[in-house]
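Visitor: Sending over a structure as structure tokens; questions will come in a sec.
The values are calculated or read from the model by the stated rules, or taken from the named source; none is laboratory data. The shown structure was predicted, so the numbers you read here are calculated from the model rather than taken from an experiment. Here the Cβ positions follow ideal geometry from the backbone for every residue, glycine too, while neighbour counts run over all protein chains shown.
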Ligand SMILES: [Zn+2]
């Protein structure tokens with residue numbers, strides 16, 4: 001489906017890979033934009049293009065970039081798309097590299113975005129993410145793998161939505177749960193990405209069982225899995241995620257629809 005995505009009152013759709021569109025508060029928000037067609041991206045291979053391209057997504061109010069260093073989270077057309085947005089929120093190092101309109105948020109800092117529905121502000125809280133095993137080698141900036149930022153979106157009358165970014169750490173999820181006890185929806189990158197050269201091939205993001213554990217720790221009412229397909233380096237896909245939630249008795253939390261179709265968000 002490459003046709004347009006009509007605006008929703010409060011809903012999310014995953015387009016493939018990490019890319020999701022969230023309509024809330026009268027705003028259209030796009031996370032980790034990736035719009036390239038399938039093909040090689042340096043050391044990674046994209047296996048599917050987006051369900052809806054940037055023209056179908058149309059004008060965006062806010063782009064959230066968990067990290068800009070990896071092409072599966074920000075590819076060429078995603079980068080071009082972000083550069084034309086009125087505002088990009090990301091981490092401080094990523095913002096320095098991306099330049100305007102990117103604003104860098106350190107973990108546990110907030111950026112307020114005026115809503116278009118008259119409901120006041122959308123509050124965007126930056127939260128930590130760990131892009132590999134806890135004992136993984138740190139880069140020059142002190143991050144495991146690289147700086148990655150997660151986000152919690154909230155506002156008066158809106159559901160509270162956690163977007164994990166590429167995070168492999170249940171410890172971080174537990175910390176977020178302690179600080180933000182009322183998360184309604186968790187968008188979890190859950191494909192257990194693995195790259196042989198990094199950390200002995202150990203996962204760089206949650207697997208299905210980790211996503212189920214994260215959902216339980218967060219006490220989320222709904223979970224939207226993302227970043228489990230569209231690239232060759234995922235070691236788990238939707239079937240493993242569904243099995244893990246089934247085995248944990250948490251199937252009722254999962255919201256999975258065909259890419260490019262909406263999941264309504266509620267409080
Ligand atoms: Zn990454």
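Visitor: What is the number of the single condition among (1) under 15 Å from residue 229 (Cα atoms); (2) surrounded by 24 or more Cβ atoms within 10 Å (Cβ to Cβ); (3) out of contact with any helix residue (DSSP H, G or I) (no Cβ under 9 Å at 6 or more places or on another chain) that residue 32 does not meet?
Guide: (3)
Visitor: Here's another thing I want to ask about it. Restricting the first residue to the stretch 185-196 and requiring it to be farther than 13 Å from residue 167 by Cα, which pairs with a second residue that is within 11 Å of the ligand (Cβ to nearest atom) and at pLDDT below 95 meet a Cβ separation below 9 Å and a spacing of at least six or different chains?
Guide: These pairs meet every condition: 195/44; 195/233.
Visitor: Related question: Residues that are more than 22 Å from residue 95 (Cβ to Cβ), surrounded by fewer than 22 Cβ atoms within 10 Å (Cβ to Cβ) and within 16 Å of the ligand (Cβ to nearest atom): does the stretch 120-135 have at least one?
Guide: Yes, some residue in the stretch 120-135 is more than 22 Å from residue 95 (Cβ to Cβ), surrounded by fewer than 22 Cβ atoms within 10 Å (Cβ to Cβ) and within 16 Å of the ligand (Cβ to nearest atom).
Visitor: If you check residue 21 against the conditions, is it away from the ligand (no atom under 16 Å from the Cβ), under 15 Å from the mean Cα position of the chain (by Cα) and free of Cβ contacts under 8 Å to residues at least 40 places away in the same chain?
Guide: yes
Visitor: Next question, about the same structure. Assuming residue 97 fulfils every condition listed in (1) part of a loop (DSSP other than H, G, I, E, B); (2) more than 21 Å from residue 231 (Cα to Cα); (3) within 15 Å of the ligand (Cβ to nearest atom) apart from one, which condition is it?
Guide: Looking at each condition in turn, residue 97 falls short on (1).
Visitor: Output the number of residues of the stretch 39-56 satisfying the condition of being more than 20 Å from the chain's Cα centre (by Cα) and either at pLDDT below 95 or part of a strand (DSSP E or B) (or both).
Guide: Count: 4.
Visitor: Right, next: Counting only residues that are more than 17 Å from the chain's Cα centre (by Cα) and in contact (Cβ under 8 Å) with a residue 40 or more places away in the chain, how many does the stretch 198-220 have?
Guide: Number of matching residues: 6.
Visitor: On to the next question. Can you find a residue that is within 30 Å of residue 9 (Cβ to Cβ) and under 13 Å from the mean Cα position of the chain (by Cα) anywhere in the stretch 168-180?
Guide: No, the stretch 168-180 has no match at all.
Visitor: Select from the stretch 77-94 the residues that are within 16 Å of the ligand (Cβ to nearest atom) and either surrounded by fewer than 23 Cβ atoms within 10 Å (Cβ to Cβ) or on the phi > 0 side of the Ramachandran plot (or both) and list them in ascending order.
Guide: Result: 79, 93.
Visitor: If you don't mind, there's one more thing I want to ask. What's the total number of residues in the stretch 58-70 that are under 20 Å from residue 165 (Cα atoms) and either part of a strand (DSSP E or B) or more than 9 Å from the ligand (Cβ to nearest atom) (or both)?
Guide: 7
Visitor: Which of (1) in a helix (DSSP H, G or I); (2) over 24 Å from residue 235 (Cβ atoms) does residue 78 not meet, given it meets every other one?
Guide: (2)
Visitor: Out of (1) closer than 30 Å to residue 252 by Cα; (2) modelled with pLDDT under 95; (3) more than 18 Å from the chain's Cα centre (by Cα), the odd one out for residue 194 is which?
Guide: (3)
Visitor: In the list 260, 208, which residue meets the criterion of being modelled with pLDDT of 95 or more, in contact with a strand residue (DSSP E or B) (Cβ under 9 Å, 6 or more places away or on another chain) and closer than 21 Å to residue 33 by Cβ?
Guide: From the options 260, 208, the qualifying one is 260.
Visitor: Could you list, in sequence order, the residues of the stretch 100-136 that are touching a helix residue (DSSP H, G or I) at 6+ places or on another chain (Cβ under 8 Å), assigned to a loop (DSSP other than H, G, I, E, B) and farther than 20 Å from residue 78 by Cβ?
Guide: Answer for the stretch 100-136, where residues must be touching a helix residue (DSSP H, G or I) at 6+ places or on another chain (Cβ under 8 Å), assigned to a loop (DSSP other than H, G, I, E, B) and farther than 20 Å from residue 78 by Cβ: 106, 108, 130, 132, 133, 134, 136.
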